[in-house]
Amino acid sequence: MQRRHFKQTQSLEERLSQVAKAPARGSQIAAARATREALLRKARQAETGSHMSEWLSSPDWSPPR
């Protein structure tokens, strides 16, 4: 059984630095995703409220009997 050999193009310190920065980038992406989801949820709620208000103020609407 032979070992595979390959030449590293970056030093060990550079590779370790990139690995250390990866979770920070992931957390920034997750925070941006959470913010985006919150904004989308608020937009959907506002749209639903607008539709309900439009429906309630329409002349064809009558209260349930």
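We did not get these values from a lab; they are worked out from the coordinates using the rules stated. Please read all numbers here as calculations on a predicted model, not as lab measurements.
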Taking semi-axes √(5λ) of the Cα gyration tensor in Å as the quantity of interest, determine which of (i) 59, 14, 7; (ii) 19, 14, 10; (iii) 21, 13, 11 was computed from the displayed structure. (i)
Rounded tilt (10° steps) of 12-56 against the dominant C-alpha axis of the chain: 10 degrees
